[in-house]
Amino acid sequence: MDSYSALVLGGAVRALIAGVVAAAVLPVHAAGWEPTKSVEFVVPAGSGAGADQMARLLQGVVVKHNLMKQPLVVVNKSGAAGAEGFLVVKAAKGDPHKLVITLSNLFTTPLATGVPFNWKDLTPVAMLALDEFVLWVNADTPYKTAKDYLTAVKSGGPNKFKMGGTGSKQEDQIITVALDKLTGSKFTYIPYKGGGDVAVQLVGKHVDSTVNNPIEAVEQWRAGQLRPLCVFDSQRMPYKDKIAGNMSWGDIPTCKESGYDYEYLMLRGIFMPPGVTQEQVDYYVGVFKKVRETPEWKDFMEKGAFNQTFMTGTQYAKWVEKAEATHKQLMTEAGFLAK
């Protein structure tokens, strides 16, 4: 081989090797579909709500770790108990540049209002986590356990004790109705705009208890103003770091341990409009899997004491279908279904 041919061949080999190496370090989703413009991330809840906090955390993680080439833009559409947001995404058939983060209003809003929307109008992407609910009282009260408090509620008779919660005919009131049945008494339920408001009302002793998510009441617990009595899950939360005094999230007993067998967890999941392709769904699944590996996400999960269950595909769709049936049963029993 002459020197010129050797030079050409060597260059070709180096180019081939460089191409292979470059391909190896490209993001997994680079070879398939990717967004070609900004992605609208719809939050069917108000600013500062749990879903909004999670959406903005996701947005920040995606930017910090360069997980998408196009911007992820959070947009709050909370009108009509979140129906506004769901209807916007439902109407965007085939548009892969829209996502919606869901909470229990995925089920409660259409069931309670009759708005023409069902989760099957959307495309499931992934369950990111499940949000816990905790029974809280003011720390100045004498109630140390769920049994102490709910026995007092039963003894006090109907409407003596006030339960504060977010919205009407939504998850907080559903849990309150369940506690009515478990105690054989009845709370006076007082709705507020959001979990932050609810926690402030309990600190101020304007209500006797709440069932706030951990992230909504953790600061007041840490400050010694609130006391957690039980968590509405089948098992204790796994987090062992101390939050308030000598207590961790994991030290809070389940309500079942206290003699009140009731569970309720709230979906934190992602959906897309109808009519998108599997390749487009897979792209976002890949992005959220990467988000879950970041220290920011892990820290957020621990601070909010989330149940970190993750699902996609058929498993996720079946879970949502079962959750819808459960909500329909609970809301029928509570008399919350639209007439």
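The values are calculated or read from the model by the stated rules, or taken from the named source; none is laboratory data. Quick caveat, the model's predicted, so the values are computed rather than measured. As a convention, Cβ positions derive from the backbone with ideal geometry for all residues, glycine included, and neighbour counts pool all protein chains shown. Only protein heavy atoms, including side chains, enter the accessible area calculation; ligands, DNA and RNA are left aside. Shrake-Rupley method; radii C 1.70, N 1.55, O 1.52, S 1.80 Å.
Counting only residues that are under 18 Å from the mean Cα position of the chain (by Cα) and open to solvent by less than 30 Å² (accessible area, probe 1.4 Å), the stretch 199-225 holds 6 of them.
If I filter the stretch 31-39 for residues that are outside any loop (DSSP other than H, G, I, E, B), modelled with pLDDT under 95 and either in contact with a strand residue (DSSP E or B) (Cβ under 8 Å, 6 or more places away or on another chain) or open to solvent by 20 Å² or more (accessible area, probe 1.4 Å) (or both), do I get at least one hit? Checked the stretch 31-39: at least one residue is outside any loop (DSSP other than H, G, I, E, B), modelled with pLDDT under 95 and either in contact with a strand residue (DSSP E or B) (Cβ under 8 Å, 6 or more places away or on another chain) or open to solvent by 20 Å² or more (accessible area, probe 1.4 Å) (or both). If only residues of the stretch 63-107 that are without any contact (Cβ under 8 Å) to a residue 24 or more places away in the chain and not small (Gly, Ala, Ser) are counted, the one that is nearest to GLY50 (Cα to Cα) is VAL63. A Cβ distance below 7 Å, combined with a sequence gap of six or more or placement on separate chains, defines the contacts here; from the stretch 108-120, residues that are more than 24 Å from THR314 (Cα to Cα) and touching a residue at least 24 places away in the same chain (Cβ under 8 Å) reach residues that are among the charged types (D, E, K, R) and open to solvent by 20 Å² or more (accessible area, probe 1.4 Å) in the pairs ALA112/LYS169.
Without any contact (Cβ under 8 Å) to a residue 24 or more places away in the chain and not in a loop (DSSP other than H, G, I, E, B) - does that describe any residue in the stretch 124-143? Please lay out each step first, then the result.
Going through the stretch 124-143, the residues without any contact (Cβ under 8 Å) to a residue 24 or more places away in the chain turn out to be 142.
Filter again for not in a loop (DSSP other than H, G, I, E, B), leaving none.
Within the stretch 124-143, none of the residues are without any contact (Cβ under 8 Å) to a residue 24 or more places away in the chain and not in a loop (DSSP other than H, G, I, E, B).
LEU87 meets the conditions (1) at pLDDT 95 or above; (2) open to solvent by 40 Å² or more (accessible area, probe 1.4 Å); (3) over 22 Å from the mean Cα position of the chain (by Cα) in every case but one. The failed one is (3).
Pairs linking a residue in the stretch 147-163 that is at positive phi to a residue that is modelled with pLDDT of 95 or more, with Cβ atoms under 8 Å and 6 or more positions apart or on different chains, are GLY157/SER185; ASN159/LYS186; ASN159/PHE187; ASN159/THR188.
Counting the residues of the stretch 147-164 that are in contact with a strand residue (DSSP E or B) (Cβ under 6 Å, 6 or more places away or on another chain) and either within 26 Å of LEU103 (Cα to Cα) or of a type in the set (Lys, Arg) (or both) gives 3. Answer with yes or no whether VAL153 is outside any helix (DSSP H, G or I), of a type in the set (A, V, I, L, M), open to solvent by less than 10 Å² (accessible area, probe 1.4 Å) and modelled with pLDDT of 95 or more. No; evaluated as a whole, the condition is false for this residue. Of all the listed residues (LYS69, LYS93), the sole one being out of contact with any Phe, Trp or Tyr (no Cβ under 9 Å at 6 or more places or on another chain) and within 22 Å of ARG292 (Cα to Cα) is LYS69. So, in the stretch 156-172, of the ones that are open to solvent by 10 Å² or more (accessible area, probe 1.4 Å) and assigned to a strand (DSSP E or B), which residue ends up modelled with the highest pLDDT? Once the filter is applied, the top-ranked residue is LYS162. Can you tell me which residue is modelled with the lowest pLDDT among those in the stretch 187-224 that are in contact with a Gly (Cβ under 8 Å, 6 or more places away or on another chain) and among the aromatic types (Phe, Trp, Tyr)? Residue satisfying both the conditions and the ranking: TYR192. Considered as a group, the residues in the stretch 264-306 that are among the hydroxyl-bearing types (Ser, Thr, Tyr) and closer than 17 Å to VAL89 by Cα include one that is least open to solvent (accessible area, probe 1.4 Å), and that residue is TYR284.
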